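Read through the structure below, which is laid out as structure tokens, and then see the notes.
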Number of protein chains: 2
Amino acid sequence: MKVALIGLGSVGRGVAEMVAQKDLGISITGIADSKSGFIDDAGIDLSALLEKKRSRGFCGTKKILAPDVINNADYDALVEVTPTNAMTGEPGLGYIRQAIKKRKHVVTSNKGPIALAYNELRALAEKNGVALRFEATVGGAIPIFHTLEHGLAGNEILAIFGVLNGTCNYILTRMADEGLTYEQALLEAREMGYAEADPTYDVEGIDAAIKLVILANTIWGNGVKLDDVDRTGINLLTPDAMRLAEDEDCTIRLIAEAIPKKGFLRVAPRIIERNHPLVVEGTLNAITIETDMAKQITLIGRGAGSTETASAILGDLLFIRDRYVERS
Amino acid sequence: MKVALIGLGSVGRGVAEMVAQKDLGISITGIADSKSGFIDDAGIDLSALLEKKRSRGFCGTKKILAPDVINNADYDALVEVTPTNAMTGEPGLGYIRQAIKKRKHVVTSNKGPIALAYNELRALAEKNGVALRFEATVGGAIPIFHTLEHGLAGNEILAIFGVLNGTCNYILTRMADEGLTYEQALLEAREMGYAEADPTYDVEGIDAAIKLVILANTIWGNGVKLDDVDRTGINLLTPDAMRLAEDEDCTIRLIAEAIPKKGFLRVAPRIIERNHPLVVEGTLNAITIETDMAKQITLIGRGAGSTETASAILGDLLFIRDRYVERS
């Protein structure tokens, strides 16, 4: 199976390293970062390319850019792992459209295009007879979409509850365990590299809301948008509120919640029993799926990380290989 | 897709009811319980048959038995849900062999045949070009095999840790939460219908060990047997031991554990931190998979129940339908 890889940040490097290390029958024939690109139909020497990227800051030749790789490389599936832009979805959205129109399968970790244009992209993929998979967009290494699609096939999905943002969960864990204020815990999260200089996207629940939109659209096809999410962040939470919850054997977590029959689509800090499966520590993510037959299934795992995200992307690629590429 | 269903206890009834209720494109053309059988190539009227079973105690005519249904019905996949016999695997093992030799796919919830003869049955299924799936044998509704096979495809599985027996977990939860003795908690579990009159199979860790054998053989193909499991039950556990653990923010759970690189294959009560994802309450099951890329993924869900087990079986059937039956 031949793959074109667009994006060579933390996630892209993780994918390239794992493909190089593991004997999965996958070769990468085209790669682009934001400044350059490289094509080799016989399969790129990944360790040489990654070394070039490390030493020079770009991976290929500046005459070749991402659209050239998507157009001209010889590949079965595009792996699109450029940074998320939640407002426009670009440049990933354009890359994904371009690849699907060339009848290439697409695997992405990019939340923007899937949150903004899932219905359009799914229809486009169906029309072109290719797969569009995005396991890495929600819950990092947690195989939530595989579980919904196959493990729980035949179930009616009634509701979904998730701890979908590791930064918030880290802050809340530290507030609960150490009695820190929100500001103290945020500072610590920054020092640990879990929070960015501008933490708005995480602490105001925007990141979790985007993931909730992706889950809802995938499960129920209801075409909801980021604006439809009733959203409250964790930035106004006080140590007093946390202490009150802890006094009752509960704690507070930022829960993303979708219950279509009640019209609920919200992200908010919620009081939750300490021994509930969704109460996970630190930067972990957790997702509870409520169904008619299986009742409640909870998945817990790492929500971020280079190798962890590569796990989700390779799971998608291997699924496409087994289902589509080997047949043809 | 046409299905023959062998076994009409709690699990079999769950499957029949769900197939009748849901529009899954599945029809059941043959059914047998331990005393009788019924064949209808056009698809059995399931509500009439279940009513017959309820009122008379058997589902069909006594001239037709399970082997006749397996031989003579028109079906794509056998659903084998007869009771587990951990020593011989029978009668399920014979039924499964018979169906595979007739080139029928097989889905089973029966731990005996898979724990005793996985390698043989897998080879037989491969030779005959059919699928053998057994999601319901471990962890009830938890889609552990789907997760290992697809969600975590490409990962190297390094270790597996599980709370695989709901009866033991209920007893340990009650000992921890209420300070009950083992005997008191067992009595309560019996009254709740969670423990059988003879609880040996559960409390001595045999049931968990069988499930561990199935996991190990499936993941690592190492051909281990029940006798290879280093096994300690919960029946000698004292309230003092539990209190000591709880004093350290830990608790005790019966953990099934396989770490091939260390040569570990054991089921034993283990002291475990209270906030570890494997610490689940009551009759829940939980499984942590440790891998090279995803690191630790934990799945939590109901380990038993008629509808919950039907969820696992239907997941297997629909996977077979999508992967094999639609193609042909």
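Numbers for the structure displayed
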item: Of all DSSP beta bridges in chain A, antiparallel share, percent nearest 5; result: 65
item: Within 10 Å of each Cβ in A:282-289, the average number of Cβ atoms from other chains; result: 1
item: Region A:146-303 - percent relative contact order, Cα under 8 Å, separation 6 or more; result: 34
item: Spatially proximal lysines relative to A:LYS225 (Cα-Cα < 19 Å; intrachain offsets below 8 disregarded); result: A:LYS111, A:LYS211, A:LYS261, A:LYS262
item: Ranked order, B:LYS262, B:LYS211 - accessible area, probe 1.4 Å, largest first; result: B:LYS262, B:LYS211
item: Residue-averaged [θ]222 nm for chain A, counting only DSSP H segments that reach four residues, each worth -39500 (n - 2.57); result: -11500 deg cm²/dmol
item: The protein assembly as shown - Rg (one decimal) and Dmax (whole number), Cα, Å; result: 25.5, 80
item: Label 7 Å beyond Cα on the Cβ vector: A:GLN184 copy-to-copy distances, nm; result: 3.9
item: Pseudo-label separations to other copies for B:GLY282 - Cα-to-Cβ vector, 7 Å, nm; result: 3.0
item: Trypsin sites (Lys or Arg not before Pro) restricted to DSSP loop in region A:275-328 with at most 13 other C-beta within 10 Å; result: A:ARG327
item: Spatially proximal lysines relative to B:LYS104 (Cα-Cα < 17 Å; intrachain offsets below 8 disregarded); result: B:LYS2, B:LYS127
item: Protein-protein interface of region A:148-174, residues with accessible area decrease of at least 40 Å², isolated chain reference, 1.4 Å probe; result: A:HIS150, A:GLY151, A:ALA153, A:GLY154
item: Set of aspartates and glutamates with alpha-carbon distance to B:LYS22 below 16 Å, sequence-local pairs under 8 removed; result: A:GLU156, A:ASP292, B:ASP45, B:GLU308, B:ASP316
item: Label-point gap, in nm, between B:GLU273 and A:ASP247 - each point 7 angstrom along Cα→Cβ; result: 2.8
item: Formal net charge of residues neighbouring B:SER306 (Cβ-Cβ distance under 12 Å; K, R +1; D, E -1); result: +1
item: Where A meets B: accessible area buried, both sides, 1.4 Å probe, Å²; result: 3200
item: Amide N of region B:298-328 lying under 17 Å from the label point, which is placed 7 angstrom from the Cα of B:ASN128 along Cα→Cβ; result: B:317, B:320-321, B:324-325
item: Mean separation of Cα contacts under 8 Å, 6 or more apart, over the residue count of chain B: relative contact order %; result: 19
item: For A:LYS63, label point 7 Å along C-beta direction: distances to other copies, nm; result: 8.3
item: Local net charge near A:ILE252, Cβ-Cβ under 9 Å (Lys/Arg +1, Asp/Glu -1); result: +1
item: For region B:1-117: relative contact order, % (alpha-carbon pairs under 8 angstrom, 6 or more apart); result: 27
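The values are calculated or read from the model by the stated rules, or taken from the named source; none is laboratory data. Small disclaimer: the values here were computed from a predicted structure and weren't measured. All Cβ positions, glycine included, derive from the backbone under ideal geometry; neighbour counts span all protein chains shown. Ligands, DNA and RNA are stripped out before the accessible areas are found, and what is left, the full protein with its side chains, is counted by its heavy atoms. Shrake-Rupley method; radii C 1.70, N 1.55, O 1.52, S 1.80 Å.
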